Amino acid sequence: MTVDSDILLVKRGYRSGDPWSRHWALPGGFWKESDGNLLNTALREVLEEVGVGAEYLRLLGWLTPRSPRNRPELTIYPLVFLAEERPPVRLADELEDYRWAPLYGLGRGRHVVETSHGPSEVDAYAWGDVVVWGLTYTILRDLRGE
């Protein structure tokens, strides 16, 4: 990745019972048997969530699988795609906003965020009104090589 690399971050909408409501995240979702493999899952989810088709994307590789602290039974398999040009974004109903954020322009620090257990001070990246923490923070930290 180059210093001027941008990443697509999405803000999840509010959903009752969803522990990640209104959090900034990377596009993604759950595997379906009809996907056949995790690459197809990632491509389907990116198309469903942000309207970006495979024709815009080139797979760069996989990051270390991880599990969220609040759902340790889940395993997330992060894939990294490169878009040679910035594709148009069309948000799914489950999302309320998006930003193209500079990967290396995200400021790292401690921030107070609202969790399912109330306010908590956490390690996070921030850029303008975007605060990324939790599993997404960990994935971005890996991507940045920190």
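Laboratory data are not the source of any read-out in this text; all were calculated from the coordinates shown. These numbers come from a predicted model, not from an experiment. So basically every Cβ, Gly included, is an ideal-geometry build from the backbone, and we count neighbours across all protein chains shown.
Some notes on this structure:
- Ranked 125, 137, 14, 104, criterion: other C-beta atoms within 10 Å, fewest first: 14, 104, 137, 125
- DSSP-assigned coil residues among GluC sites (Glu not before Pro) in the range 77-144, each with at most 10 further Cβ atoms within 10 Å: 84, 85
- 81, 30 arranged by Cβ crowding within 10 Å, fewest neighbours leading: 30, 81
- Label-to-label distance, nm, for residues given as residue 56 and residue 123 (7 Å Cα→Cβ offset): 3.1
- Charged neighbours of residue 100, selected by a Cβ distance under 10 Å, balance to +1 (K, R count +1; D, E count -1).
- Within the listed set 17, 109, 61, the residue fluctuating most in the Gaussian network model of the chain (springs between alpha-carbon atoms under 10 angstrom) is 17.
- Formal net charge of residues neighbouring residue 46 (Cβ-Cβ distance under 12 Å; K, R +1; D, E -1): -2
- For the range 77-146 and the range 1-46, distance of Cα centres in Å: 11
- Estimated 222 nm signal from helices in the chain, with DSSP H stretches of n ≥ 4 weighted -39500 (n - 2.57), rounded to 500: -5000 deg cm²/dmol
- Convex hull volume of the Cα atoms of the chain, normalised per residue: 122 Å³.
- Neighbour counts of C-beta atoms inside 10 Å place 32, 11 in the sequence 32, 11, starting with the fewest.
- Top of 27, 119, 19 by mean-square fluctuation, Gaussian network on the chain, Cα under 10 Å: 119
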